[in-house]
Amino acid sequence: QITTVSGNEFLFQSDIDFLILDWFHAIKNAIDRLPKEQRITSRNLEFKLRRSSSIELLNNLDTESKEPKPEHRKSLIFRLNYSASDTNDRNRIKSRLKKFISRRPSLKTLQEKGLIKDQIFGSHLHSVCEHEKSTVPQFVRLCIEAVEKRGLDVDGIYRVSGNLATIQKLRFVVNQEEKLNLDDSQWEDIHVVTGALKMFFRELPEPLFPYSLFEQFVEAIKIQDNATRIKCIRNLIKKLPRPNYDTMKILFEHLQKIAAKESVNLMSTQSLGIVFGPTLLRPEKETGNMAVHMLYQNQIVELMLSEYSKIFGSEED
């Protein structure tokens, strides 16, 4: 997802690694080719990108309106002489707007009154689980049940993208309604369900694999000895918060069932690693090692699927 300085947002989506890298390099090269004089100053950029409150925005606009315009533009602008009453009217309107905005009820108050529901998409995993009094989000369970009911044999399951508009519609329904029926005819395309599940994990503020453990997982996958590598991954998994561990376990158990049908759906553990690697774990700050990180992300997911019983099983297994 790219957000421009002007506020436009663009979503590029693909499960193909080399295509994502092509997009990344093309965008980076385009930015590097911009003339230096066209680049925005840090002061203006800070104002445009930060999330200001409405009152701050009004104050800023008020300040900007008082700044003198360049001399060469005066000849192109009608010189309107506002009377004192006009100025007073504008100030009075701004004052009323500020009072109105400052008296708005807080988000917490609106949620307590039931006017705004807690969001599922875009919320922290532990927040969703606390709200639902569980350790695995209900939406994740419903999606897994739907896929195992009617999607295990579907060619390219999780790799093929569903209709984005329908996925966004499902996202809206999940955020607004407490009851969800994925057997409804409007969700009959199973790729919409898998697309929404991937979007849920992609939009977590902190990925399923916490930022604090990302580098440790990368170092673990680099270990040459397979037994030592599995043991290291297993020990890291044990450090996960309960919602992360339980959600990860049920998800990987599900993906194992997908891989078991590889002869029909053509989704191997490697294919699933490519799809879910960047979705489930990523560094907190992207560096120039994006391509290298992506390779390790895929390998971590692939190993955990191949060695699921050793990583998630009991000590005796």
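The values are calculated or read from the model by the stated rules, or taken from the named source; none is laboratory data. Just so it is clear, the model here is predicted, and its values are computed rather than measured. Backbone-built Cβ (ideal geometry, glycine too); neighbour counts: all protein chains shown. Heads up: the accessible areas ignore ligands, DNA and RNA and are worked out on the full protein's heavy atoms, side chains in. Shrake-Rupley method; radii C 1.70, N 1.55, O 1.52, S 1.80 Å.
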Open item on the list: Looking at Asn181 and the list (1) more than 18 Å from the chain's Cα centre (by Cα); (2) crowded, with 16+ Cβ neighbours inside 10 Å; (3) part of a loop (DSSP other than H, G, I, E, B), which single condition is not satisfied?
Closed with: (2)
- [ ] Look through region 263-291, keep the residues that are under 18 Å from Leu213 (Cβ atoms) and of a type in the set (Val, Ile, Thr), and return whichever of them is modelled with the highest pLDDT.
- [x] Thr279
- [ ] Identify all residues within region 294-317 that are under 22 Å from Lys28 (Cα atoms) and open to solvent by 20 Å² or more (accessible area, probe 1.4 Å); write none if there are none.
- [x] Leu295
Task: Subset of region 100-148 that is open to solvent by 70 Å² or more (accessible area, probe 1.4 Å) and over 24 Å from the mean Cα position of the chain (by Cα) - its residue that is modelled with the lowest pLDDT - done: Leu115
Open item on the list: I need a count of the residues in region 165-178 that are more than 13 Å from Gln119 (Cα to Cα) and open to solvent by 70 Å² or more (accessible area, probe 1.4 Å).
Closed with: 3
Task: Odd one out for Ser268 among (1) touching a residue at least 40 places away in the same chain (Cβ under 8 Å); (2) among the hydroxyl-bearing types (Ser, Thr, Tyr); (3) under 22 Å from Leu152 (Cα atoms) - done: (1)
TODO: Could you tell me which residue of region 184-196 is farthest from Ile120 (Cα to Cα), considering only residues that are among the polar types (S, T, N, Q) and surrounded by fewer than 17 Cβ atoms within 10 Å (Cβ to Cβ)?
DONE: Ser185
Task: Leading residue by the ranking (least open to solvent (accessible area, probe 1.4 Å)) among those in region 197-225 that are polar (S, T, N, Q) and part of a helix (DSSP H, G or I) - done: Gln216
- [ ] Return the only residue of Ile250, Ile258 being assigned to a helix (DSSP H, G or I), touching a residue at least 24 places away in the same chain (Cβ under 8 Å), open to solvent by 10 Å² or more (accessible area, probe 1.4 Å) and β-branched (Val, Ile, Thr).
- [x] Ile250
Open item on the list: So for region 221-232 (the condition being of a type in the set (Asp, Glu), over 16 Å from Val140 (Cβ atoms) and at pLDDT 95 or above), does at least one residue qualify?
Closed with: yes
